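The values are calculated or read from the model by the stated rules, or taken from the named source; none is laboratory data. Predicted, not measured: the structure shown is a model, and the values here were computed from it. Cβ: placed from backbone, ideal geometry, glycine included. Neighbour counts: every protein chain shown. Heavy atoms of the whole protein, side chains included, go into the accessibility calculation; ligands, DNA and RNA do not. Shrake-Rupley method; radii C 1.70, N 1.55, O 1.52, S 1.80 Å.
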Amino acid sequence: MADDYLVRIGKLIRDARQHRGWTQSQLADALGTSQSAVNRIERGNQNISLEMIARIGEALDSEIVSLGYAGPMHLRVVGGRRLSGSIDVKTSKNACVALLCASLLNKGRTVLRRVARIEEVYRLLEVLNSIGVRTRWINEGVDLEIAPPARLDMESIDAEAAVRTRSIIMFLGPLLHRMDSFQLPYAGGCDLGTRTIEPHMIALRRFGLDITATEGIYHAQVLAGVSPDRPIVLTERGDTVTENALLAAARHDGVTVIRNASSNYMVQDLCFFLEALGVEVEGIGTTTLTVHGIPNIDVDVDYSPSEDPVEAMSLLAAAVVTESELTIRRVPIEFMEIELAVLEEMGLDHDRSAEYVADNGRTRLVDLTVRPSKLEAPIDKIHPMPFPGLNIDNVPFFAAIAAVAQGQTLIHDWVYDNRAIYLTDLNRLGGRLQLLDPHRVLVEGPTRWRAAEMMCPPALRPAVVVLLAMMAAEGTSVLRNVYVINRGYEELAERLNSVGAQIEIFRDI
């Protein structure tokens with residue numbers, strides 16, 4: 001009976017594919033899988049999840065196989081389970097999106113290894129494809145190949161995909177070298193309050209980029225003959241601001257000095273990639289970068305982005321709140337040292353392996369084993385700082401960790417307008433968090449977590465924090481509309497299940 005069902009589903013998929021005029025290979029590329037896997041599905045020889053059926057339906061734009069795609073994705077979490085075993089950290093979400101934007105600098109073929117399979121990447125790929133860039137998943141959907149056209153078709157840009165990602169802002173740096181004028185939709189992303197792009201504009205004006213904004217569109221003009229005549233001083237030590245300045249400097253015919261630059265993990269990965277393109281970058285890992293630009297970049301390049309320290313922090317927090325022993329492999333330790341120092345003071349019991357080198361040949365990795373610990377609230381407040389301080393995106397995870405520690409912890413999330421507010425969603429799960437103002441929250445621990453059903457916060461890291469608390473709460477919780485989590489994490493539920501969690505993905509039908 002089950003086999004007959006699979007055969008019928010396979011025929012529906014085959015018919016929908018043929019109706020669209022696609023080959024099995026084209027469908028496989030859209031799904032990030034192999035042609036042989038599509039062939040097995042169409043013959044009814046492979047088990048297929050509701051989620052995969054939904055993805056096929058979306059790819060083929062076919063109502064026939066869109067069962068389960070009518071509504072958003074939700075998670076049903078059976079909590080109170082201990083995690084065990086080991087789990088690998090995936091490649092950096094923020095590095096991958098920066099490298100996708102950077103591929104626009106190169107006239108040659110770019111291959112990025114082990115690219116994060118997340119919604120943010122998918123949206124950028126949709127934008128790139130819409131302007132003529134050819135992309136395809138290779139090596140069983142693990143790696144990504146990118147080939148730009150001779151001329152970008154900016155008039156055909158997929159505005160719907162563009163406005164769903166803030167990363168689109170990093171198109172400005174590469175595009176100013178490719179055309180005299182262009183338009184980009186406003187940048188979107190997480191709902192984290194007002195986030196001005198003025199620091200980007202201040203930096204990019206030095207390369208001749210002039211922007212006016214009307215009716216949801218950035219109108220860009222590039223003034224010929226304008227180039228930086230002195231060092232560029234960034235008014236904000238932001239990651240994307242630094243990346244945009246780097247992308248503009250990479251094809252500038254001359255030497256550009258960028259001061260007050262971010263030295264965070266994704267910026268370093270971008271610098272390493274630029275070096276692979278032949279661009280010399282001095283000062284990597286510092287706040288002053290000197291870029292020796294190349295006006296014409298036409299090389300075939302193969303690059304492996306490093307692992308994601310924020311995902312590593314997420315997995316560490318999962319182990320802490322569920323009182324589990326868990327080994328987290330491939331942790332980029334340089335970008336976790338402050339967090340671990342704080343956690344050690346709180347009483348975290350953990351071991352780390354000897355350091356080894358990531359596939360990019362530069363980033364230092366360790367394997368980290370976390371054990372159940374009796375934590376005490378830190379004496380000082382938890383607050384982020386630019387690298388090498390405590391990572392801005394890791395601050396929310398301290399809300400969940402502080403909730404299981406003895407005592408009061410003050411968390412000061414000064415960077416974003418709304419994010420501290422979303423952390424108070426933990427109160428629905430038994431937490432005792434008091435919002436002092438839009439940026440400060442007081443966490444009282446320890447917490448007796450309880451199951452609940454709730455909507456996913458509209459910001460990525462607070463959403464994952466809520467999921468982790470649900471994993472610790474006895475009983476069954478439901479987290480609704482988790483698109484924001486899929487923006488930044490690849491198959492998070494499935495991977496947590498592999499180490500002992502019980503999380504079910506479902507949709508309203």
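Counting only protein heavy atoms and a 1.4 Å probe, the stretch 93-150 has 29 square angstrom of accessible area per residue.
Note on percent of Cα pairs over 40 Å apart: of the candidates [x] 23; [y] 14; [z] 48, the value calculated from this structure sits at [x].
Partners of K374 within straight-line reach, counting lysines whose Cα lies under 29 Å from its Cα and excluding those fewer than 8 residues away in the same chain: K90. Residue separation of N129 and V299 scaled by 0.36 nm, minus their Cα-Cα distance, works out to 59.2 nm of gained length. Taking every DSSP beta bridge that has both ends in the chain, the antiparallel portion is near 80%. Peptide packing for 270-278, 433-441 was compared via the average number of neighbouring C-beta atoms within 10 Å per residue; ordered from the highest value, the list is 270-278, 433-441. Backbone geometry of the stretch 274-286 corresponds, through the Karplus equation with coefficients 6.51, -1.76 and 1.60 at θ = phi - 60°, to 3J(HN,Hα) couplings of 4, 4, 5, 7, x, 8, 7, 10, 9, x, 4, x, 10 Hz, x marking Gly and Pro.
With a 1.4 Å probe rolled over the protein heavy atoms of all chains, the accessible area of D210, D308 falls in the order D210, D308, largest first.
Taking 7 Å steps out from each Cα toward its Cβ at E453 and R362 produces label points 4.9 nm apart. By a 1.4 Å probe calculation restricted to protein chains, V257 has an accessible surface near 40 Å², given to the nearest 10. Taking the average, over residues, of other Cβ atoms within 10 Å as the packing measure, peptides 419-430, 36-47, 464-475, 173-184 rank 464-475, 419-430, 173-184, 36-47 from highest down. Modelled spin-label separation between I138 and V255, with each label point placed 7 Å from Cα along the Cα-to-Cβ direction: 3.6 nm. Summary of packing: across the peptides 375-384, 87-96, the per-residue average of other C-beta atoms within 10 Å ranks them, highest first, as 87-96, 375-384. Computed over protein heavy atoms with a 1.4 angstrom probe, the accessible surface ordering of M266, M385, largest first, is M385, M266. Working note: 222 nm ellipticity from helices only, DSSP H runs with n ≥ 4, each -39,500 (n - 2.57), summed and divided by the residues of the chain, gives -9500 deg cm²/dmol to the nearest 500.
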